[in-house]
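Working notes, beginning with the structure itself.
What follows draws every value from the coordinates through simple rules; no lab data is involved. Being a predicted model, the structure only gives us computed values, none of them experimental. Methodologically, a virtual Cβ is constructed for each residue, glycine included, from the backbone with ideal geometry; neighbour enumeration extends over all protein chains shown.
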Amino acid sequence: MIVVTGATGNIGRRLVGRLLEDGVAVRALTRDPARAGLPPEAETVRADLTDAAGLEPLLAGADALFLNLAAGGQEAAGAVLDAAVKAGVRRVVLNSSIAVTGTPADETNFIARMHAALERAVRDSGLEWTFVRGGDYATNALAWSASIRESGVVRDAHPGAQGVPVHEADLAEVAAVALLDRSGAHQGQIYTVTGPEVLTVAQRVAAIGGAVGRETRVEQITEEAAAEAMSGPHFPKEAALELVRMFGGTVGTAPAVSDAVERVTGRPARTFAEWARDHAADFS
Ligand SMILES: NC(=O)c1ccc[n+]([C@@H]2O[C@H](COP(=O)([O-])OP(=O)(O)OC[C@H]3O[C@@H](n4cnc5c(N)ncnc54)[C@H](OP(=O)(O)O)[C@@H]3O)[C@@H](O)[C@H]2O)c1
């Protein structure tokens, strides 16, 4: 049986579906099973992972765990990992980040620091592990959905910033392969997962316009304003500003494209145009 944290999230929902297709038992964790809308074949269990008491029963009987930091944050993820060790879980697939480089640079920004600390905890746990270091999730574009719906305009500090957006289904499929692995081939592996093509912010906005059949454009705003819009209760403005500046650094410098999706799953990574078509309803 495989336990999936963040099961109603972008990656988690795809992952639950993919694991069920393979015929394995899945325990899907969510704070609200009634609203989860997960397939009935999954064992959907209520769990607020920030409540460290009572985590162990959630892991009882599991062979493998998909651990997503989004499901309650860093402390919660550490507590789930401890509970997994106690419950005798064998394998963990960690949803990590491309920001982690395995160098001292990992301590220089908020996102890298958080994921690097969790990677260390996983390595120290004694469990078999696989790290899925994704970056530049295509789902980040969902933050534009309201403004695209209202006006077709996206406000961004760096319209020329480049990235390699990755579809959540590809992240889920890489994770699924590692979770289902019986051969040991994925044990101790670090997969840097990107989409198949470099795209600027402006090109993504245009791709969404193509998918929904209306005109879209980017309006440039200051880095401060962009950081303000991005920050929230779990994401301080300073960290957001760091991220906005980091995106600015990619203007004119294309990041690397990884072939991990194809290598691990045997299928090419999905394009952003495909992602935009899959999500057209979010922007219409
Ligand atoms: N965005 C990027 O470009 C990027 C790049 C690299 C890595 N990442 C990593 O990917 C993560 C996001 O993954 P995602 O997009 O699949 O996440 P997501 O869609 O935000 O899903 C997170 C899920 O976690 C659950 N959750 C939230 N708080 C919880 C709590 N206290 N207890 C239990 N469950 C809780 C929620 O489900 P319920 O509401 O049903 O409980 C939610 O559906 C980030 O946090 C980061 O670690 C992101």
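Only helices at least 15 Å long along their own axis, judged from Cα atoms, and with Kyte-Doolittle mean hydropathy of 0.5 or greater: name those in the chain from DSSP H.
Helix filter hits for the chain: 74-87, 168-180, 201-212.
Rounded to the nearest 20 Debye, what is the dipole magnitude of the chain about its Cα centre when Lys and Arg each give +1 and Asp and Glu each give -1 at the C-beta?
Its charge dipole is roughly 320 debye.
Could you tell me the calculated FRET efficiency between ALA143 and ALA105, based on Cβ-Cβ distance and R0 = 25 angstrom, to the nearest 0.05?
Values: r = 26 Å, r/R0 = 1.05.
Calculated transfer efficiency: 0.45.
Given a cut-off of under 8 Å on Cα pairs at least six residues apart, what relative contact order in percent is computed for the stretch 2-134?
On the way: 239 pairs, mean separation 27.1, N = 133.
This gives 20 percent for the stretch 2-134.
Based on other C-beta atoms within 10 Å, arrange HIS234, HIS158 from fewest to most.
The order, fewest Cβ neighbours first, is HIS234, HIS158.
What GluC sites (Glu not before Pro) in the stretch 180-264 are in a loop by DSSP, with at most 16 other Cβ atoms within 10 Å of the Cβ?
Qualifying residues, ordered by number: GLU197, GLU215.
Can you give the net charge of the other residues whose Cβ lies under 13 Å from the Cβ of VAL93, counting K and R as +1 and D and E as -1?
-1
Run the numbers for ARG267 and ARG182: contour at 0.36 nm per residue of separation, minus the present Cα-Cα distance, in nm.
Numbers: separation 85, 0.36 × 85 = 30.60 nm, distance 1.99 nm.
Net length gain for the segment: 28.6 nm.
If R₀ is 35 angstrom, what is the calculated FRET efficiency for the pair PHE235 and ARG123, using the beta carbon separation as r and rounding to 0.05?
0.85
Taking the Kirkwood radius as the inverse of the mean 1/r across Cα pairs, report the Rg/Rh of the stretch 2-134.
Details: Rg = 14.2 Å, Rh = 14.8 Å.
Checking Rg against Rh, the ratio lands at 0.96.
Along Cα→Cβ, 7 Å out, is where each label goes; now give me the distance between the ones at THR50 and ASP32 in nm to one decimal.
Distance between the two pseudo-spin positions: 1.5 nm.
Taking the alpha-carbon set of the chain, what are its Rg and Dmax in Å?
18.7, 54
Sort the stretch 197-284 into rounded, prolate or oblate with this rule: let a ≥ b ≥ c be the square roots of the eigenvalues of the Cα gyration tensor; rounded if a/c is under 1.5, and if a/c is not under 1.5, prolate when a/b is larger than b/c, oblate otherwise.
Oblate is the answer for the stretch 197-284, as a/c is 1.5 or above yet b/c matches or exceeds a/b.
ASP259 versus GLN220, label points 7 Å from Cα toward the beta carbon: distance in nm?
Each label point is offset 7 Å from its Cα along the Cβ direction, giving 3.7 nm.
The stretch 151-221 to the stretch 266-284: how many Å between their Cα centroids?
9
What fraction of the DSSP beta bridges in the chain is antiparallel, stated in percent and rounded to the nearest 5?
Just about 10 percent of them are antiparallel.
Show me 133-139, 60-66 ranked by packing, highest mean number of other Cβ atoms within 10 Å first.
Top of the packing list down: 133-139, 60-66.
If you filter the stretch 194-250 for trypsin sites (Lys or Arg not before Pro), then keep DSSP loop positions with at most 16 other Cβ within 10 Å, what is left? Walk me through the numbers before you get to the answer.
Numbers: sites: ARG204, ARG214, ARG217, LYS237, ARG245; in loops: ARG214.
Filter output for the stretch 194-250: ARG214.
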